[in-house]
Amino acid sequence: MKKILVTGGTGYIGSHTCVELIKQGYLPIIVDNLSNSKENVVDKIEKITGTRPIFYKVDILDEKGLTKVFEQHDIQAVIHFAGLKAVGESVKVPLKYYNNNITGTVNLLEIMKRFNVKNIIFSSSATVYGDPKEVPIKETAPTGGCTNPYGKTKYFIEEILKDLYVSDPTFNIALLRYFNPVGAHESGLIGENPNGIPNNLMPYITQVAIGIRPYLNVFGNDYDTPDGTGVRDYIHVVDLAVGHICALKKLESVTSGVHIYNLGTGIGYSVLDMVKAFSSVLGRPLPYKIVDRRAGDIAKCWADPTKAEKELGFKARFDLRKMCEDSWNFQQKLDE
Ligand code: NAD
Ligand code: WQD
């Protein structure tokens, strides 16, 4: 079995990707410091797939700990999810974000180089496009106009990986720019369960639906969009996970390079579209209030997904209803 090192593998996107890796015959070697996930996710991945991934509670900043993992396994490729991702928190504690995300990545890359592991898939984000001049966004659009430290870490890491490739053209790198991941595995065993007040729309919606919060705050209805609320490209997390398998196969089929792909559906939905779709799944209206805009938000952001379709054979399969159904199923199972 080919072993794939999955940093951040017990997290939201990482856990779903481990499921797809196992389904495709790979063995995930998870490295996670559990700062934003729980070890029992490993049991859940095993329950879904029948195979237990190998798990190490190791921080990617821990050079010795990470080196041991590389010593113990013949790693074919690394899928690098580990990182902190709360935009608002990153403004308050930027050094924590720069250290964890950037220093952690540099540490990982040094060790990969030492062990001659040259295939890496990096979790980038549509946030690297900043406030896009045009939608849908193509991979050739300018990057770097990020307004918060979190977004900057994604942009800087992309640049670091490009520089690494220039210095060592045997590296084989995929930069995957995710749009807005939502949904959960249909078993309801794994999904996104943020600590504290959710920053992102879908977990906030499911917490309103289950009664943890009274209503959704809709951040502004005066944007230049059809109904005035922000428009985003929501993608089911299982589709996103499959996108990583497609990227891994691509890396297996070429010798080296820096390959950049948007992972989105190409469809933009507004906040009110999301409320409507979720209410329909819920069978009752979801309470919401229009409030002021949230600082740093952009009006619209959706992908041109054609490059990933042409070059990776990747196309998102799940529609908005399925995204809402699976998010809701996961939220309900959390309380059981
Ligand atoms: P997540 O927080 O659920 O998963 C990240 C995992 O990394 C967690 O399990 C956490 O414990 C672990 N981790 C963090 N720092 C670590 C460290 N120093 N050492 C070891 N493990 C560490 O987040 P997610 O939503 O699954 O996101 C995965 C990746 O995708 C992140 O890099 C994130 O920035 C990126 N991304 C996420 C989104 C999104 O909206 N969820 C969008 C674009 C990009
Ligand atoms: C979506 C829409 C909000 C919450 C963020 C990061 C980005 C990426 C994905 C990692 C917007 C509106 C939200 C709420 C609302 N992460 N909203 N009420 O802002 O597109 O992207 O997560 O890389 O970097 O910035 O996602 O889910 O926070 O917001 O009205 O309580 O929902 O204004 O229009 P966003 P989101």
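Calculate the tail of P(r) for the range 1-114: the fraction of all Cα-Cα distances greater than 21 Å, expressed in %.
Tail of the P(r) past 21 Å holds 34 percent of the pairs.
In the calculated pair-distance distribution of the range 251-326, the portion above 22 angstrom amounts to 47 percent of the Cα-Cα pairs. Across the range 50-200, how large is the tail of the calculated P(r) beyond 19 Å, expressed as a percent of all Cα pairs? Here the long-distance tail beyond 19 Å is 60 percent of all Cα pairs in the range 50-200.
Label sites at Val106 and Thr306, each approximated as a point 7 angstrom past Cα along Cα to Cβ, lie 3.9 nm apart. Residues whose amide H lies under 5 Å from that of Lys2, counting only those 5 or more places away or on a different chain, are Leu27; hydrogens are built 1.01 Å from N in the peptide plane.
Could you compute how fast the chain diffuses translationally, taking Rh as the Kirkwood radius over C-alpha pairs and applying Stokes-Einstein at 37 °C with viscosity 0.692 mPa s? Give it in µm² per second. Walk me through the numbers on the way to the answer.
Working: Rh = 20.2 Å.
D = 163 µm²/s.
A P(r) calculated from all alpha carbon pairs of the range 97-182, with 5 Å bins opening at zero, reads 3, 14, 24, 24, 18, 12, 5, 1, 0 percent. Rolling a 1.4 Å probe over the protein heavy atoms gives the range 179-255 an accessible area of 38 Å² per residue.
Across all Cα atoms of the range 191-336, the radius of gyration (one decimal) and Dmax (whole number) stand at 17.0, 53 Å.
Extension gain, Arg321 to Ser253: 0.36 nm times the residue separation minus the Cα-Cα distance gives 21.0 nm.
Can you pick out the pairs among Lys250/Lys310; Lys38/Lys307; Lys85/Lys300 whose Cα atoms lie more than 23 Å from each other? Distance filter (> 23 Å) returns Lys38/Lys307.
Fully extended, how many nm does the chain gain between Ser35 and Lys138 (0.36 nm per residue separation, minus their Cα-Cα distance)? Intermediate values should be presented prior to the final figure.
Details: separation 103, 0.36 × 103 = 37.08 nm, distance 3.32 nm.
Value of the extension gain: 33.8 nm.
Treating r as the C-beta distance of Asp131 and Lys23 and R0 as 41 Å, the FRET efficiency rounds to 0.65.
So how do 236-243, 265-272 stack up, highest first, on mean other-Cβ count within 10 Å? All intermediate terms of the calculation are to be shown ahead of the outcome.
On the way: 236-243: 24.5, 265-272: 21.1.
In decreasing order of mean packing, 236-243, 265-272 become 236-243, 265-272.
The values are calculated or read from the model by the stated rules, or taken from the named source; none is laboratory data. Owing to the predicted nature of the structure, the values given are computational and were not obtained by experimental measurement. For neighbour counting, all protein chains shown are included, and Cβ atoms are generated from backbone atoms with ideal geometry for every residue, glycine included. Ligands, DNA and RNA are excluded from the accessible area calculation, which covers all protein heavy atoms including side chains. Shrake-Rupley method; radii C 1.70, N 1.55, O 1.52, S 1.80 Å.
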